[in-house]
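Quick notes on the structure that follows.
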Amino acid sequence: MTGLSDTSHFNPMEYKDLLKFFKEIYGDEDIFTVLGAYQDYFDQDNFDGYPMTSRSTAILHWIKSDKQYCKRTDSYLLENPDVVFNKMNVITNFKDSTVTTISKQMDLVDYTFVKKPLPTDLHMLFSWQLFIADYEQLGKSFGCASQVYNHIPGNLVLRKDMIPALVGSYALRYANKPSQCFDKSKFSPPTFRLYKKNECQEFFSIIAKPEFQEKLKKNEFQYIVKIGAGSARGEGVYLLDEEELDNIRSEFGKNGESCGKKNLNRLAQTYISNPLLLQLHNKFDFRVYFLLSSVDPLIGYYRDGFLRITLRAYNANSNDKEQYLTNTAVSDNLIEELRKKNETLNGMTADELDKAHKWDY
């Protein structure tokens, strides 16, 4: 196993002398704290307060909480620096191929979803969810000075429910400037977070107006509903047809009387029924990769990706997910279904379709 760093110049005696020097000056004070490894902004007194799905919160409790964990870990690593340089242990709640990829580079610690304490010789906590920082305090119960965590706590930019809020905040900067500087209406469709009382009430006031009923006569699908956080692969997404309108009115009240009382992270977003299509009349979007490695200073890495394409031609009057969602998981499920039935689509076999719904660029 390749170490974290070149240890050819590491002198244990010099290290012990340096450690002794620090202790003589700072006593029992934590050396990593003195060196600025734990900043004030890691003190998570202000959680975001945005609700998550029950599926998300249930899966987070796989770490046994220990507020003294980092103190013990820091002390252990200061006394055993070879652990830092010569090993790399990782704990992850990823499964399947992701774990295989990680394990080629690191020593996977035997870990399950059963609550148990983190080991003191841990180097990386590789989680598929960023919400762990809402339950455990960074720098105390996880994410110590010598450890790597694959999310930036407090970074909610890519949550579906936060994007419209952040776009709105950005638009305020240009409120008194010409529209060509930034026109929010041309950048993001109107979105209402149904757990926010004022936005929820605004949404219900819109769908109660006669103008909305007239729009429904021209196109049944005026809104699309999504889960705001903790969901992926097209889960929880549906078009708000007449039946779903009745369901949402039944849940929140005809005029939104229960707005502000439902702690469900759902969005109602204006549905773009006339999207740009490929020549075969399929919907598409761009899957690109962007790694944000630091927010202070701001450091990001971009990489080209591919076009995600629906396998079925788009129909503005259909609520078939395979026509209006470009999620690869939706296409993969369709391909697997065709493979089991030994059927084709548009004259293409399952194997051919598997290649067809992802275009390089």
Dipole in debye (nearest 20) - segment 215-260, about Cα centre, beta carbon charges: Lys, Arg +1; Asp, Glu -1: 260 debye
Shape category assigned to segment 203-298 from the gyration tensor of Cα positions, a/c cut at 1.5: oblate
Long-range amide H partners of S318 with built H, under 5 Å: none
Given charges at Cβ of Lys, Arg, Asp, Glu: segment 181-331 dipole, positive-most of L291, S231, F221: L291
Under the Karplus curve 6.51 cos²θ - 1.76 cosθ + 1.60, θ = phi - 60°, whole-Hz ³J(HN,Hα) for segment 252-267, x wherever Gly or Pro sits: 9, x, 4, 10, x, 4, 9, 4, x, 10, 9, 8, 10, 7, 10, 10
Accessible-area ranking of V84, V237, V148, largest first, probe 1.4 Å: V148, V84, V237
Inter-label distance, nm, simple model (7 Å from Cα along the C-beta direction), F212/E235: 2.9 nm
Long-range HN-HN contacts of R266 with modeled amide H, under 5 Å: L194, Y195, G228
Inter-part distance where segment 172-217 and segment 221-258 are each reduced to a Cα centre, Å: 16 Å
Vicinal HN-Hα couplings computed from phi for segment 212-227 (Karplus, 6.51 cos²θ - 1.76 cosθ + 1.60; Hz; Gly/Pro x): 5, 4, 5, 5, 5, 5, 8, 8, 5, 9, 9, 9, 10, 9, 9, 7
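Using the beta-carbon distance between E242 and D66 and R0 = 45 Å, what value does 1/(1 + (r/R0)^6) give for FRET efficiency, to the nearest 0.05?
0.30
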Assigned charges on the beta-carbon of Lys, Arg, Asp, Glu; segment 168-268 dipole about Cα centre (debye): 560 debye
Burial ranking of peptide ranges 66-74, 253-261, 165-173 (average Cβ count within 10 Å, highest at the top): 66-74, 253-261, 165-173
Cβ crowding within 10 Å averaged over residues, with 208-215, 322-329, 221-228 ranked highest first: 221-228, 322-329, 208-215
Entries in K160/K218; K226/K340; K186/K262; K140/K160; K184/K262; K116/K140 that, when Cα-Cα distance is taken, lie over 20 Å: K160/K218; K226/K340; K186/K262; K140/K160; K184/K262
Cβ crowding within 10 Å averaged over residues, with 280-288, 300-308 ranked highest first: 280-288, 300-308
Using θ = phi - 60° and Karplus 6.51 cos²θ - 1.76 cosθ + 1.60, couplings along segment 166-174 (whole Hz; Gly, Pro as x): 6, 5, x, 5, 5, 5, 4, 5, 10
Amide H within-cut-off set for Y223, under 5 Å, with H built and near neighbours excluded: L240, Y271
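The values are calculated or read from the model by the stated rules, or taken from the named source; none is laboratory data. Source: prediction; values computed, not measured. Cβ: placed from backbone, ideal geometry, glycine included. Neighbour counts: every protein chain shown. SASA here: full protein model, heavy atoms, side chains in, ligands and nucleic acids out. Shrake-Rupley method; radii C 1.70, N 1.55, O 1.52, S 1.80 Å.
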